[in-house]
1. For GLY293, only one of the following conditions fails: (1) surrounded by fewer than 16 Cβ atoms within 10 Å (Cβ to Cβ); (2) at pLDDT 95 or above. What is its number?
2. Only residues that are of a type in the set (D, E, K, R) and within 20 Å of ASN91 (Cα to Cα): list them for the stretch 359-387, please.
3. When you scan the stretch 241-250, do you find a residue that is of a type in the set (D, E, K, R), in a loop (DSSP other than H, G, I, E, B) and either touching a His at 6+ places or on another chain (Cβ under 7 Å) or modelled with pLDDT under 95 (or both), even just one?
4. May I ask you to verify whether SER335 is under 21 Å from the mean Cα position of the chain (by Cα), at pLDDT 95 or above and either aliphatic (A, V, I, L, M) or surrounded by fewer than 20 Cβ atoms within 10 Å (Cβ to Cβ) (or both)?
5. Please return the ranges of helices (runs of 4 or more DSSP H) entirely within the stretch 1-61 where 2 or more residues are among the basic types (Lys, Arg) and over 30 Å from GLY353 (Cβ atoms).
6. Looking only at residues that are crowded, with 18+ Cβ neighbours inside 10 Å and hydroxyl-bearing (Ser, Thr, Tyr) in the stretch 71-101, which one is nearest to GLU23 (Cα to Cα)?
7. Among SER77, SER93, which is at negative phi, free of Cβ contacts under 8 Å to residues at least 24 places away in the same chain and of a type in the set (Gly, Ala, Ser)?
Amino acid sequence: MKSIFFHLMPYRDLPEDFEQKYESVWVTPPNSELCDPVKVAQYYKWNLDELELADRLGFDGLGVNEHHQNAYGFMASPNLMAAALARNTPNNSAILVLGNTLALYNPALRVAEEFAMLDCMTDGRLAAGFPVGTSMDVNRCYGVTPTETRPRFNEAHDLIMKAWTQPGPFSYNGRFNKLRYVNPWPQPLQKPHPPIWLAGGGSVETWEMAVNNDYTYNYLSFFGYKNAKKLMDGFWDTAARLGADENPYRAGYAQQICVAETDALAEEQYLEHVSYFFNKCLHIPPYYMETPGYRTRRSTEFAIKSGQPAEIAQIAALEKNWKTLVDEGFIIAGSPDTVADRLIEACRGIRVGNLIALLQIGSMPHELTKQNITLFAEQVIPKIRGLWADEGWEHRWWPQGARVDAPAAVTG
């Protein structure tokens, strides 16, 4: 099992009445009223400190991502964060950029160039993530026509792969990208290119793209493993239909995790911050979440059939009902033994070999985040690392330059 510390980098100090006073955490929260650059400067330092701590403690990978105009996760350029990590991660954790939102880049050649730079800077530790992107980012913040989202994504993917594998200079004449010269310097260190990790929220087309191109598919949701099973069953059915093997390393999923010395102490230490996340960080109206035309008909039909758990999670968070949050799997929380047992159950149930561990949640302060990271690294990872070892699968999607075997944890 690969354990990846994935950092959303949220704004940790939204006002108590935020969700009553403001329309949304994404797209329209007024930056002049809510976003204090002095606090943001401190957050970025904490965020990098937390990621670097995870490297020292033996996490297999460090994850960053891209979002815009929001307080849920204000990492507008994950490549900047990855570049900072390239020089301050001595234990050589994989750097997973999940990812660059391809439809937002014009031309998408920029992604090929910057990812190649990161691959060289990290000595081949990069996993290149290609998300379609949320409707909030792509359609609302950056103004992409909803029905063009997937076509732009597909063409950007085609251009990047050609830029990495076809000798330049050459011309590219697409619908959205028209380039007389494609000749990027540098080329990636990994050959034929860095491993591609797709990040999705349950779109059927993304499952098929992952299987057809032999990419890793990662389900990025905040509603836990019980909900993830519905989506991941669909992915594995797609893999079987298209003739792919059942290698668990071709899949990953995100899980919010809170580790404390005891189950009771977990509730005491983390409930406030988990409630902040579900009530404030996910305060997004449906008309921003699903702009008409953003999702294809097939994926919309699947979403309707599979159901959405957001309302249950937010009611539980509003009522500060820890038992429901835990029992419904929205969070995995408790002592190291409890967390390890539930993670093993979850990852076996949805058959994933890449655990994207969300260990900084909502308003969680820096010292508590470091505690969560440390307890997870020292007392949970050793219990879950061998989960798939008895099946003998090869992780074909792990960056070539990243550490294969984790070092002994080093505190400090």
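The values are calculated or read from the model by the stated rules, or taken from the named source; none is laboratory data. In this text the structure is predicted, and so the values were computed from the model without any measurement. When we count neighbours, we look across all protein chains shown, and the Cβ atoms used for this are built from the backbone with ideal geometry, even at glycine.
1. It fails just one condition, (2).
2. If the condition is that a residue be of a type in the set (D, E, K, R) and within 20 Å of ASN91 (Cα to Cα), then LYS370, GLU378, ARG385 are the ones that fit.
3. no
4. Answer is no for this residue.
5. So the answer is 37-56.
6. TYR72
7. Selected residue: SER77, the only one of SER77, SER93 that is at negative phi, free of Cβ contacts under 8 Å to residues at least 24 places away in the same chain and of a type in the set (Gly, Ala, Ser).
Table: residues versus (1) assigned to a loop (DSSP other than H, G, I, E, B); (2) β-branched (Val, Ile, Thr); (3) modelled with pLDDT under 95.
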{"position": "LYS323", "(1), (2), (3)": "no, no, yes"}
{"position": "GLY349", "(1), (2), (3)": "no, no, no"}
{"position": "ILE361", "(1), (2), (3)": "yes, yes, no"}
{"position": "MET364", "(1), (2), (3)": "yes, no, no"}
{"position": "GLU378", "(1), (2), (3)": "no, no, no"}
{"position": "TRP397", "(1), (2), (3)": "yes, no, no"}
{"position": "GLY412", "(1), (2), (3)": "yes, no, yes"}
